[in-house]
Amino acid sequence: MEFSNELLSRLKSSKNVGSVCGAGISQESGVPTFRGEEGLWKKYKPEELANFDAFIRNPELVWEWYNYRKKLISEVEPNPGHYALSEMENLFDNFLIITQNVDNLHRKAGSKNLVEIHGNIMSSKCIKCNRRYNDLPFHENVISVPKCECGGIIRPEVVWFGELIPEDLLRRCYEFLKECQFLFVIGTSGYVHPAASFPLIAKENGAYLVEINSEETNISYMMDEILLGTSGKILPEIVGKIKN
Ligand code: BV8
Ligand code: ZN
């Protein structure tokens, strides 16, 4: 893929470079996205499963969904897109990944400068005493709702619809976006807030916005450039250009 001189010169001269990532960056690892035709789960909308009321109403069903996703995620690896972002940490003074994904793949690819604003599917917590349980075993087809020693039920430690993003994570994002000079917006349909508002905040602070997506999205209108294609292919090519 050819990149504009504008993109390359801005990128090479930027110190504060970031990325806002969505499910699309994990698609080439084999993790289904939410709103694509393959959909995470055709029968239900994530918005109907990924919320606290649905969990209280039917914790078995919600754990079935999360165990299905945990098993799937435990069998996949990061793709070249994740590794390219991990490499960018060494190419810029101040590089940050803000991800909506809970699939642990940025960490597996070695990224350290990472804010998982929607949490991480591999950690769970008791809804009564908040005790954290990392790496709960997930049994396929055995649907039992995990219980805490205190008797409370345990939930996946992810941020559901209607729940607040942890204050410290949100603050870290806003502080970064204030200084951001160049922002990649990768593999997100731009529906879910507050992540969907991050590119505009960066733009208002002078950042150059480059969207990487296999199709136009809800937020393409605000981008300085749109690179249509898959992130697993485009990101390593960008890293190659920066290194030369
Ligand atoms: C909150 C965790 C305060 C669980 C998730 C303002 C305006 C409108 C609505 C709201 C608003 N503020 C709050 C809301 C309500 C709500 C919201 O945004 N609703 C939307 C649906 C309208 N937001 C919240 O509730 C948030 N909390 O704001 O608290 C508050 C609360 C209530 C009311 C007011 C304020 C919390 C949201 C967090 C929800 N949790 N996940 C879990 O994952 O199990 S969201 C879920 O969607 C995932 O995290 C996912 O990452 C995220 C976003 O989806 P995408 O990542 O974009 O994935 P999608 O499938 O949609 O798109 C994939 C893209 O990839 C596509 O564009 C495709 O073309 C592209 N692609 C595919 N393959 C590739 C590719 N691109 C490149 N390469 C490829 N190979
Ligand atoms: Zn407990």
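Read-outs throughout are calculated quantities, based only on the coordinates presented, and are distinct from any laboratory measurement. Just so we're clear, the structure is a prediction, and the values are computed from it rather than from any experiment. As a convention, Cβ positions derive from the backbone with ideal geometry for all residues, glycine included, and neighbour counts pool all protein chains shown.
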Worksheet item: Alpha carbon centre of the range 1-22 versus the range 177-192: separation in Å?
Response: 12
Practice prompt. Any chance you could run the full-extension gain for E237 through V145? It's 0.36 nm times the residue separation minus the Cα-Cα distance, nm to one decimal.
Written response: 28.7 nm
Practice prompt. For the range 145-195, report the translational diffusion coefficient in µm²/s to the nearest whole number, using Stokes-Einstein at 4 °C, 1.567 mPa s, and a Kirkwood Rh over Cα pairs.
Written response: 92
Worksheet item: Based on the Kirkwood radius over alpha-carbon pairs, what value in µm²/s does the Stokes-Einstein equation return for the translational diffusion coefficient of the range 54-148 at 20 °C and 1.002 mPa s?
Response: 143
Worksheet, complete the sentence: The exposure ranking of C150, C126, fewest beta-carbon neighbours within 10 Å first, is C150, C126
Worksheet item: With +1 on each Lys and Arg Cβ and -1 on each Asp and Glu Cβ, how big is the dipole of the chain about its Cα centre, in debye rounded to the nearest 20?
Response: 620
Worksheet item: Taking only Cα atoms, what is the 0 to 90° angle, nearest 10, from helix 231-243's long axis to the longest principal axis of the chain?
Response: 40
Response to the item:
If amide H atoms are modeled at 1.01 Å from N in the peptide plane, then the residues at a separation of 5 or more from Y208, or on another chain, having amide H under 5 Å from its own are F182, L183
Item to complete: Please give the contour-minus-distance gain from R172 to E204: 0.36 nm per residue of separation, less the Cα-Cα distance, rounded to one decimal in nm.
Response: 9.8 nm
Practice prompt. Only loop residues by DSSP count here, and only those with at most 16 other Cβ atoms within 10 Å; note down the trypsin sites (Lys or Arg not before Pro) in the range 72-175 that meet that.
Written response: K112, K128, R131
Practice prompt. List every residue whose amide H lies under 5 Å from the amide H of G229, counting only residues 5 or more places away in sequence or on a different chain, with H placed 1.01 Å from N in the peptide plane.
Written response: N213, S214, E215
Discussion item. Given N residues in the range 176-244, what is its alpha carbon radius of gyration divided by 2.2 N^0.38 Å?
Written reply: 1.09
Response to the item:
A correct fewest-to-most ranking of L209, L61 by other Cβ atoms within 10 Å would be L61, L209
Practice prompt. As a check on your grasp of the helix formula, calculate [θ] at 222 nm for the chain: sum -39500 (n - 2.57) over DSSP H runs of n ≥ 4, divide by the residue count, round to the nearest 500.
Written response: -9500 deg cm²/dmol
Worksheet, complete the sentence: Karplus ³J(HN,Hα) for the range 115-125 (6.51 cos²θ - 1.76 cosθ + 1.60, θ = phi - 60°; Hz, whole; x = Gly/Pro) runs 10, 8, 5, 9, x, 9, 4, 7, 10, 9, 8
Worksheet item: Given M222, L61, G151, which one lies farthest toward the positive end of the charge dipole of the chain, if we put +1 on the Cβ of every Lys and Arg and -1 on the Cβ of every Asp and Glu?
Response: G151
Discussion item. So, R0 is 35 Å and r is the distance between the beta-carbons of F161 and L228; what FRET efficiency does that work out to, to 0.05?
Written reply: 0.75
Response to the item:
If unit charges are put on Cβ atoms (+1 for Lys and Arg, -1 for Asp and Glu) and the dipole of the range 88-231 is taken about its Cα centre, the option from L200, C129, A109 lying farthest towards the positive end turns out to be C129
Worksheet item: If you plug each phi of the range 146-158 into the Karplus form 6.51 cos²θ - 1.76 cosθ + 1.60 with θ = phi - 60°, what whole-Hz ³J(HN,Hα) values come out, in order, with x for Gly and Pro?
Response: x, 10, 7, 4, 7, x, x, 8, 9, 10, x, 8, 10
Fill in: the range 93-244 - Debye-derived log10 I(q)/I(0), Cα point model, q = 0.13, 0.17, 0.19 Å⁻¹
-0.71, -1.06, -1.24
